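**Q** Have a look at this one before I ask anything.
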Amino acid sequence: MTSFSFDRELRFGDCDPSGIAYFPSYLNILNGVVEEFWSTIGFSWPELISVRRIGTPTVHLTCDFSRPSKFGERLTFGLRIVKVGRASLHLAHMVTGADGVRWRASQILAAMSLVDHHAIPWPDDVRAALMSRLQAGEETTAS
């Protein structure tokens, strides 16, 4: 099940000279999907970063690429919350095209104070929004 999905056409600038998706571009797109996700749950990055001074850096990322994507293809970037920790957020990503899965990623974000650059617990309102999108049967811990 997906908490959030975002459709996007693979653009010329996303590809290498052979017309196949260039993996650093994929990661840039993925970052945009995460930014959109935060907005959909009511916490835009301008608000989190500039007003509340909360950062959400990626502290761990793994990717598995299963088939290439080509210039002009429409892809669906799916994001699912796997676990909400005390100061962490575990996400699962699945990117699909017309013929199935193209790649998957596991990502861990941390809640960080942009004042002193240390981990902080998720504020209560942010935690509540994240927990409301956690799939039934998923876990939450104090990590």
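The values are calculated or read from the model by the stated rules, or taken from the named source; none is laboratory data. Just so we're clear, the structure is a prediction, and the values are computed from it rather than from any experiment. Cβ placement follows ideal geometry from the backbone for every residue including glycine, while neighbour counts extend to all protein chains displayed. Side chains are part of the model used for accessible areas, which takes the heavy atoms of the whole protein and leaves out ligands, DNA and RNA. Shrake-Rupley method; radii C 1.70, N 1.55, O 1.52, S 1.80 Å.
**Q** Give, as a single signed number, the net charge of other residues whose beta carbon lies under 14 Å from the beta carbon of ARG53, with Lys and Arg counted +1 and Asp and Glu -1.
**A** Combined, the nearby Lys, Arg, Asp and Glu give -1.
**Q** Counting only the backbone N, which residues of segment 57-95 are under 12 Å from the spot 7 Å out from the Cα of MET131 toward its beta-carbon?
**A** Taking a point 7 Å out along Cα→Cβ of MET131, the residues of segment 57-95 whose backbone N falls under 12 Å are 84-86.
**Q** Right, another one. Per residue Cα convex hull volume for the chain, in cubic angstrom? Write out the running numbers ahead of the final one.
**A** On the way: hull volume 16.0 nm³, N = 143.
For the chain, the hull spanned by Cα atoms encloses 112 Å³ per residue.
**Q** Springs between alpha-carbon pairs under 10 angstrom, Gaussian network model over the chain: which of SER44, SER132, SER88 fluctuates most?
**A** SER132
**Q** If you don't mind, there's one more thing I want to ask. What's the angle, to the nearest 10 degrees (0 to 90), between helix 124-133's Cα axis and the longest principal axis of the chain?
**A** 40 degrees
**Q** Have a look at VAL34, VAL95, VAL126 and tell me which one the Gaussian network model of the chain (Cα, springs below 10 Å) gives the largest fluctuation.
**A** Per the Cα network of the chain with a 10 Å cutoff, VAL126 tops the list.
**Q** Among the trypsin sites (Lys or Arg not before Pro) within segment 1-56, which fall in a DSSP loop and have no more than 16 other Cβ atoms within 10 Å of their own Cβ?
**A** Counting only loop positions with at most 16 other Cβ atoms within 10 Å, the trypsin sites (Lys or Arg not before Pro) in segment 1-56 are ARG11, ARG52, ARG53.
**Q** At a Förster distance of 30 Å, what's the computed FRET efficiency of PHE65 paired with ALA119, Cβ-Cβ distance as r, to 0.05?
**A** Result of the calculation: an efficiency of 0.50.
**Q** Now, a different point. What's the carbon and sulfur percent of segment 22-143's accessible surface, probe 1.4 angstrom, rounded to a whole number?
**A** Its accessible area is 56 percent carbon and sulfur atoms.
**Q** Please work out the C-alpha center-to-center distance from segment 72-108 to segment 13-67 and express it in whole Å.
**A** 10 Å
**Q** With every protein chain present, what is the per residue accessible area of segment 1-70 (1.4 Å probe, Å²)?
**A** 60 Å²
**Q** Shifting gears a bit: Taking 0.36 nm per residue of sequence separation and subtracting the Cα-Cα distance, how much length would be gained by fully extending the chain between SER44 and ASN28, in nm to one decimal?
**A** Working: separation 16, 0.36 × 16 = 5.76 nm, distance 1.75 nm.
Result: 4.0 nm gained on full extension.
**Q** Just the number please: accessible area per residue for segment 83-128, 1.4 Å probe, all protein chains included, in Å².
**A** 43 Å²
**Q** Would you tally the net charge around PHE65, using a Cβ to Cβ cut-off of less than 9 Å, leaving PHE65 out, and scoring K and R as +1, D and E as -1?
**A** Result for the neighbourhood of PHE65: +2.
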